[in-house]
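Let me begin by presenting the structure, written as structure tokens, before commenting on it.
The values are calculated or read from the model by the stated rules, or taken from the named source; none is laboratory data. Bear in mind the structure is a predicted one, so any value in this text is a computation, not a measurement. Counting neighbours? That spans all protein chains shown, and the Cβs are built from the backbone with ideal geometry, glycine included.
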Amino acid sequence: MTNTGTDVEAGDRQGAETAQAAPRRLSPLAIVIMVIVLALLGVLGLQLIEANRSQPTGGPAPDFTLQIFDALGGGTFTLSENRGKVIVINFWASWCAPCRDEAPALQQVWEAYRARGDVVLLGVDYVDNTQDALAYIAEFGITYPNGPDLGTRISDAYHIQGVPETFVIGKDGNVFQFIYAGVTARDLAAIIDRALAQ
Amino acid sequence: MRADLIQPRNLWWGIRWLVLVAVLFVLPLSVYAQGGGDGQPIREVTDDEVNDISSRLYCPVCENVPLDVCGTAACARWRAQVRTLLEQGKSEDEVIDYFVTQFGQRVVGTPQDPLLNFLAWAVPAGAVIVGAGVVAYALQRWRERATSPALPEAAAEPQTPDDAYRARLERELREEK
């Protein structure tokens, strides 16, 4: 009788060994459900990563080609073909009130640096009607290259969250400065000077 | 001489010239006169038509707000753009294509990222296919069980380690008594 407990423990171990010897297999239904759940989690994760991407503040500036409005000379502008220059990329829209506030400052900066040849100011018109955009350009007497962001490809590449937003690209092709809100002529000129001195 | 002029051969040439003149001058003029050439609308567009297409589009700058109910000034301009395109004779699909080209896939509520776009279509489709496979598999197994001969109860239920343990415990308890 005294060894009953020992026998029970031995039986318990034997049972455990039997269970270990024959591990339970997942049913096909459970595998399928797990795959579907993992796929859904993957999609949600990718969406979360995409949603949390923010504007680049350093590193190589995403390359793009902008179709310039015919009213401003037409043609195209490709960022990678302008390496060695300081490029100021301004995202704007005619329906954006803060863009209207900074438009004279941008034109002023362009007129100040245009003759140097190593500074380019570029306007990227974000989700806008062409007629309204051209009216805006005429209203503010804008002469620097501007074009529509067709399909929002450029704004997507730069992960902008609204307008106006401005990126200053250094001569090495890296993002030198990201400016979240509107700019003043003095502040922008100071940033361009720093980028030129880099 | 007049008899020569109305010969079938001359008549045939005359008809060909008339057709050519019509194609080159009359048709373009008629199209221009219908509108579009001078910016005039070629048809009347109702508010219902504009709202119908706008309800299929999303505001390009707001989050998940259909264009027909968006209250911003920008959305009002885009609705005006819808009207202008319809007045120019564009079809609904052409208007939507224009907005997608200008403002990206977001205006039709489709993910912009190519991978997400693919997954948005592939995952539901895959789930349906896999679900159908699971149902078919389950039905097959039920059918196999239903058609297999019935086994004795003892044979159908194999002893588990728990059963063996319980039987032994009960036997030893009986022996103690």
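Given the condition touching an Asp or Glu at 6+ places or on another chain (Cβ under 9 Å), assigned to a loop (DSSP other than H, G, I, E, B) and within 13 Å of chain B (Cβ to nearest Cβ), answer yes or no: does some residue in region A:184-193 qualify? No, region A:184-193 contains no residue that is touching an Asp or Glu at 6+ places or on another chain (Cβ under 9 Å), assigned to a loop (DSSP other than H, G, I, E, B) and within 13 Å of chain B (Cβ to nearest Cβ). When region A:28-78 is filtered for residues that are facing another protein chain (nearest Cβ under 10 Å) and among the hydroxyl-bearing types (Ser, Thr, Tyr), nothing remains. Checked against (1) surrounded by 17 or more Cβ atoms within 10 Å (Cβ to Cβ); (2) under 18 Å from residue A:176 (Cβ atoms); (3) without any contact (Cβ under 8 Å) to a residue 60 or more places away in the chain, residue A:82 passes all but condition (1).
Only one of the numbered conditions (1) closer than 22 Å to residue B:74 by Cβ; (2) within 25 Å of the chain's Cα centre (by Cα); (3) of a type outside the set (Ser, Thr, Tyr) is not met by residue A:140, and that is (2). Number of residues in region A:25-74 that are within 22 Å of residue A:166 (Cα to Cα), surrounded by 12 or more Cβ atoms within 10 Å (Cβ to Cβ) and of a type in the set (A, V, I, L, M): the value is 4. Would you say residue A:172 is closer than 23 Å to residue A:60 by Cβ and touching an Asp or Glu at 6+ places or on another chain (Cβ under 8 Å)? So residue A:172 fails the test.
The rows are residues; the columns are (1) surrounded by 13 or more Cβ atoms within 10 Å (Cβ to Cβ); (2) more than 7 Å from chain A (Cβ to nearest Cβ).
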{"site": "B:68", "(1), (2)": "yes, yes"}
{"site": "B:76", "(1), (2)": "yes, yes"}
{"site": "B:86", "(1), (2)": "yes, yes"}
{"site": "B:97", "(1), (2)": "yes, yes"}
{"site": "B:102", "(1), (2)": "yes, no"}
{"site": "B:108", "(1), (2)": "yes, yes"}
{"site": "B:118", "(1), (2)": "no, yes"}
{"site": "B:129", "(1), (2)": "no, yes"}
{"site": "B:134", "(1), (2)": "yes, no"}
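The number of residues in region A:45-58 that are at pLDDT 85 or above and more than 16 Å from residue A:157 (Cβ to Cβ) comes to 1. Give region B:92-107 a look and list any residue that's at pLDDT below 90 and more than 20 Å from residue A:48 (Cβ to Cβ), or say none. Across region B:92-107, the qualifying residue is only B:104. Where helices (runs of 4 or more DSSP H) fall entirely within region B:45-113, those with at least 2 residues that are within 17 Å of residue A:133 (Cβ to Cβ) are at B:73-87, B:92-103. Return yes or no: is residue A:136 surrounded by 19 or more Cβ atoms within 10 Å (Cβ to Cβ), within 14 Å of another protein chain (Cβ to nearest Cβ), among the aromatic types (Phe, Trp, Tyr) and within 19 Å of residue B:81 (Cβ to Cβ)? Yes, satisfied.
Where strands (runs of 3 or more DSSP E) fall wholly inside region A:82-159, the ranges with 3 or more residues that are of a type outside the set (A, V, I, L, M) are A:86-92, A:146-148. Any chance region B:145-156 includes a residue that's modelled with pLDDT under 85, within 11 Å of another protein chain (Cβ to nearest Cβ) and over 56 Å from the mean Cα position of the chain (by Cα)? Looking for residues that are modelled with pLDDT under 85, within 11 Å of another protein chain (Cβ to nearest Cβ) and over 56 Å from the mean Cα position of the chain (by Cα), one finds none in region B:145-156, hence no.
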